[in-house]
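Take a look at the structure set out below.
The values are calculated or read from the model by the stated rules, or taken from the named source; none is laboratory data. Quick caveat: nothing in here was measured; it's all calculated off a predicted structure. Don't worry about glycine lacking a Cβ; one is built from the backbone with ideal geometry, like all the others, and counts go over all protein chains shown. Note: areas computed on protein heavy atoms with side chains; ligands, DNA, RNA excluded. Shrake-Rupley method; radii C 1.70, N 1.55, O 1.52, S 1.80 Å.
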Amino acid sequence: MKKYLLTGAGLFAAVLATAQTVTTFAGKENISDPWANFNNTTTTTSDAYFYEPEGLCWDGNGKMYVTERNKIRLIDGTTVYNRSGALGDAQTSLGFADGTGVAAKYYHPISAVCDGSNNVFIVDSENHAIRKLAPFVNAGNGQIMTTFAGGKPDGTQSAQGTPGHQDASGTNARFDTPKGITIDGNGNMYVCDYNNFVIRKITPAGVVTTLAGKAGVDGSDDGTGGASARFGGPHGIAMLDNNNVVVTDFWNLTIRKVNITSGSTTTICGKTGVLGQKDGTLAEATFKSPKGIAVVNGLIYVADDSKIRVIDLTNSTVSTFAGGSAGNQDGVGTNAKFGRLGGLVYDGNNAMFATDLYFNVIRKITIDNLAPTAAFTATKTNLLVNEETTLSDISGGKAATSRKWVVKEQQTGSTANVSVVSGDLNSSENVTVKFLATGFYTVSLNVTNEFGSDQSEKAPYFSVSTSSVEQLNHLNELNIFPNPLNGTELNVRLTRGFTDATLELYEAGGRLVQTDEHVNGIQHRMSIPQLDAGTYFLVVRSKEVTGARMIAVQ
């Protein structure tokens, strides 16, 4: 299991070690005559014919919705149902119509998302509208389709909706070939309005506003305000965290981050106009055809032509997660093959699902290792006695189902001088503690989920002192011996050497016992008076370093 090394209040994160198994989830390979092969009746995942399946989402009951060229399917287990949209040839049954079941019509629905009530919001791309499908009740109960935003304001039915750009409510709003959609915890939706070069926000009440970009003006500029940013063709979108979405900017060949409140936009990686699939640092990476995007445990996955790429913001890297040369082949990691990837979504458990627009199938990418990788931070690591600090679990992998913190004095292993201010050491994600006595303290965190467990320990992690030595910094390269001290001579060694150093010996209470001056060299011999038993601090101050070690006197 990979570990995280914590130093001070910082975190050096190792790349999450994962393997990935790619299998065909649904659909028969369908490339010779895809518009002529279709299912008019309920079928199985292994017998289903799809034509340009692209959007995927799940409702709260674990049922998968699939958007394809002319209709919406539902997959429940291994059964595939036609739930909405005209049956038959996907080329001749396109249109724009609200209605129940097969009475509804679409014109290239491209993505979908479910809300907390199991309504399905569908981006009907070439109808320039957002459609709403009522929740699934049972197979015999038809689902009603209505137009939620965009389309014809007068309610007339036509071959296609009306393109444009208009911030308004419901069907008074206008889109131009919208693509991806995602939803936040408050039910607000965010849409890539592709041909308008903007990101739109839709409230649960259907109010549409422009969040980032300027309608009708393409470009690649980042911006601190929504209207100052420019996009070249926003395509896929996913929630990165509670405050930001990530977007695949298709024509710019970049991955962008947009704040959902301010619209502030930054480019994460990719090089504008530079075509490729180069892995490496964020600055080095290039993309070929970024479309679908998903976020799993802070890692950003991108459907990039025939590969799935993964962006690790912690380590500032881009790598190939699955897929190699083009093809339709199950396998592990880069031994698997995809044709032309479209949508990419996470199931919330241990797998992602991708749609293949060339072979017209749906693939499942199981993330074989989502065991936690324990890691934590603290708001402060150099503390005064009775000063508070908050420990935060930032472990990787799938979220922990249980955790345990252990905070103890380094030398004795005692927890007597550790006081919990808030939270629970046996369960809480965030715990605030304070220390009742000077010393160095060790912290360890053990996290567990259904895939395994991991532990991260940093010793010593906290320096706790009185005001006289408030700025103590622990240094691994500062060594003293003997320790515990049972005489009157102390040897001090610094691997990098001292230059014009001052050595200060303090009681635990903060009283300065002795000061030595050291001109140059690696080692210093310090003659000290006979000391009472207890804990002391040796502080070394030089132009190279300032650091401290705790000394026990017997």
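Remarks
- Kirkwood Rh and Cα Rg combined as Rg/Rh, region 202-245: 0.98
- Mean projection area, nm², convex hull over Cα of the chain: 28.6
- Carbon plus sulfur fraction of accessible area for the chain, probe 1.4 Å, in percent: 46
- Compactness of region 317-452, expressed as Rg and Dmax over alpha-carbon positions, Å: 22.0, 67
- 458, 404, 543, reordered so the largest accessible area comes first (probe 1.4 Å): 543, 404, 458
- Placing +1 on each Lys and Arg Cβ and -1 on each Asp and Glu Cβ, with no other charges, gives region 60-108 a dipole about its Cα centre of roughly 40 debye.
- Scanning residues 5 or more positions from residue 254 or on other chains, those with amide H under 5 Å from its amide H are 249, with H placed 1.01 Å from N in the peptide plane.
- Pairs of Cα atoms farther than 21 Å apart, region 21-129, %: 30
- Assuming charge only on the beta carbon of Lys and Arg (+1) and of Asp and Glu (-1), the dipole of the chain about its Cα centre is about 520 debye to the nearest 20.
- Å² per residue, accessible surface of the chain at 1.4 Å: 39
- Ranked by how many other beta carbons lie within 10 Å on average, peptides 495-501, 143-149, 298-304, 526-532 from highest: 298-304, 143-149, 495-501, 526-532
- Here the Debye sum runs over all C-alpha atoms of region 180-313 as equal scatterers in vacuum, and log10 of I(q)/I(0) at q = 0.14, 0.15, 0.19 Å⁻¹ comes out as -0.53, -0.62, -1.00.
- For region 69-85, backbone phi angles converted through the Karplus equation (6.51, -1.76, 1.60; θ = phi - 60°) give residue-by-residue couplings of 3, 10, 7, 10, 9, 10, 10, 10, x, 10, 9, 10, 10, 8, 9, 7, x Hz, Gly and Pro being listed as x.
- Straightening the chain between residue 262 and residue 207 buys 18.1 nm, computed as 0.36 nm per residue apart minus the Cα-Cα spacing.
- Applying the Karplus relation 6.51 cos²θ - 1.76 cosθ + 1.60 with θ = phi - 60° to region 23-33 yields 3J(HN,Hα) values of 9, 7, 8, 7, x, 9, 3, 9, 10, 6, 8 Hz, where x marks Gly and Pro.
- Using the Karplus relation 6.51 cos²θ - 1.76 cosθ + 1.60 with θ = phi - 60°, the per-residue 3J(HN,Hα) values for region 139-150 come to 5, x, 9, x, 9, 7, 9, 10, 8, 8, 8, x Hz, with x marking Gly and Pro.
- Charge dipole magnitude, Cβ of K and R +1, D and E -1 - region 374-533, Cα centre, debye nearest 20: 280
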